[in-house]
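After the structure tokens below, expect a handful of questions from me.
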Amino acid sequence: MATSPPDCDKAVFRFAPSPNGLLHLGHALSALTNERFASLFEGRLLLRIEDIDLSRCKPAFEQAMRDDLDWLGLHFASEVRRQSEHFADYAQALSVLRRRGLVYPCFCSRQQVRVAVAAEEAQSGRPWPVDPDGAPLYPGLCRELDPSEAERRVAAGEPHVLRLDMKRAQALAGAAVGYRVFDDSGEERQIPARPERWGDVVLARKDVPTSYHLSVVVDDALQGVTHVVRGRDLEAATDIHVVLQRLLGLPSPAYHFHPLLIDETGQKLAKSRSSESLADLRARGITAAAIRAQLGFA
Ligand code: GLU
């Protein structure tokens with residue numbers, strides 16, 4: 001990595017873990033990569049706690065996470081943003097999108113979506129398209145619901161999510177949506193986004209009045225984040241984020257996607273697969289210096 005800082009005055013980075021489990025080496029890599037860039041750009045490094053999923057996120061995990069980050073020797077600016085304290089900000093962004101006619105309530109269950117997709121496939125004889133995460137694109141069942149009927153069902157308390165009408169969103173955002181990516185030396189280039197490959201994404205869940213996509217876009221803007229450093233698993237999702245930024249009139253940060261760590265089975269490390277945690281490694285007597293060295297940050 002080049003050592004001379006790129007020409008950038010007030011670079012702001014953030015590490016944004018979810019306290020729904022213990023951090024593993026993949027998180028350490030992400031946090032340390034953020035730290036390295038923050039130092040290269042002479043910028044600030046913020047911590048954001050992404051805990052919108054109140055059923056899975058626990059204060060004990062947040063404490064464990066803070067302990068791990070301290071142990072690794074990572075220093076963050078003093079202000080910490082905890083998403084669960086800012087639902088009003090996400091509601092406000094949603095209302096902007098709603099006023100522009102870009103959001104609709106969707107009452108479909110997973111099963112209804114599966115049946116609709118199977119019917120489409122049977123009719124066309126072709127596989128139904130899937131999004132970059134491998135889930136079938138939403139077939140649009142509720143998109144054309146009569147608005148007064150949709151309103152009546154919402155008022156009656158029927159469980160629903162709120163979806164972005166991606167075609168309309170793209171039409172309003174303008175054809176040439178793209179974003180800046182920066183390489184290891186900080187050099188930027190522009191790349192095009194392809195949000196259509198995600199279809200009508202969910203912006204507010206049934207159980208949570210927002211979504212990862214909406215919250216991350218709102219928070220990056222409110223925290224003045226200029227540079228997002230995240231794993232390659234979130235590269236495709238950035239297409240959604242830049243469309244939302246355009247529609248909400250928010251600035252777009254520059255992005256860097258670091259490689260993912262994979263385990264001996266060839267899969268990326270994940271809390272859901274109980275990858276060995278930093279706390280386990282620490283308990284085995286591994287030092288923070290050894291972790292830094294192992295990940296290339298000696
Ligand atoms: N909270 C996300 C995660 O833990 C990261 C969010 C982001 O970098 O945009 O994977």
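Restricting to strands (runs of 3 or more DSSP E) lying wholly in the stretch 8-124: which have 3 or more residues that are more than 16 Å from the ligand (Cβ to nearest atom) and in contact (Cβ under 8 Å) with a residue 12 or more places away in the chain?
103-106
Is it the case, given these coordinates, that Ala204 is over 23 Å from Arg163 (Cβ atoms) and of a type in the set (A, V, I, L, M, F, W, C)?
no
Something else now. Evaluate the stretch 180-192: report whether one residue or more is aromatic (Phe, Trp, Tyr), touching a strand residue (DSSP E or B) at 6+ places or on another chain (Cβ under 6 Å) and within 16 Å of the ligand (Cβ to nearest atom).
Among the residues of the stretch 180-192, at least one is aromatic (Phe, Trp, Tyr), touching a strand residue (DSSP E or B) at 6+ places or on another chain (Cβ under 6 Å) and within 16 Å of the ligand (Cβ to nearest atom), which makes the answer yes.
How many residues are assigned to a loop (DSSP other than H, G, I, E, B) and out of contact with any Cys (no Cβ under 8 Å at 6 or more places or on another chain) if we restrict to the stretch 159-172?
Qualifying residue count, the stretch 159-172: 2.
Picking from Ala155, Ala171, Ala175, which residue would you name as being away from the ligand (no atom under 16 Å from the Cβ), more than 25 Å from Arg36 (Cα to Cα) and at pLDDT below 95?
Ala175
Is it the case, given these coordinates, that Gly134 is assigned to a loop (DSSP other than H, G, I, E, B) and either more than 25 Å from the chain's Cα centre (by Cα) or loosely packed, with under 11 Cβ neighbours inside 10 Å (or both)?
yes
Tell me which helices (runs of 4 or more DSSP H) are completely within the stretch 194-298 and hold 2 or more residues being at pLDDT 95 or above, surrounded by 18 or more Cβ atoms within 10 Å (Cβ to Cβ) and out of contact with any helix residue (DSSP H, G or I) (no Cβ under 7 Å at 6 or more places or on another chain), or say none if there are none.
Hits in the stretch 194-298: 212-222, 238-248.
Looking at the structure I just gave you, is Ala236 closer than 29 Å to Cys142 by Cβ and within 18 Å of the chain's Cα centre (by Cα)? Working first, answer last.
Working: closer than 29 Å to Cys142 by Cβ: yes; within 18 Å of the chain's Cα centre (by Cα): yes.
Criteria met by Ala236.
Name the single residue that is surrounded by the most Cβ atoms within 10 Å (Cβ to Cβ) among those in the stretch 137-158 being acidic (Asp, Glu) and in a helix (DSSP H, G or I).
Glu151
While we're here: So is Leu248 more than 14 Å from the ligand (Cβ to nearest atom), over 13 Å from the mean Cα position of the chain (by Cα) and either over 22 Å from Arg99 (Cβ atoms) or in contact (Cβ under 8 Å) with a residue 60 or more places away in the chain (or both) or not?
yes
Please enumerate the residues belonging to the stretch 196-219 that are within 16 Å of the ligand (Cβ to nearest atom) and farther than 15 Å from Ala91 by Cα.
Trp198, Val201
Taking interchain pairs and intrachain pairs at least six residues apart, which have beta carbon atoms under 9 angstrom, with the first residue in the stretch 216-235 and over 16 Å from Ser30 (Cβ atoms) and without any contact (Cβ under 8 Å) to a residue 24 or more places away in the chain and the second of a type outside the set (A, V, I, L, M) and within 11 Å of the ligand (Cβ to nearest atom)?
none
The values are calculated or read from the model by the stated rules, or taken from the named source; none is laboratory data. Given the structure is predicted, the values throughout are model-derived calculations rather than measurements. Positions of Cβ are backbone-derived with ideal geometry, glycine not excepted, and every protein chain shown enters the neighbour counts.
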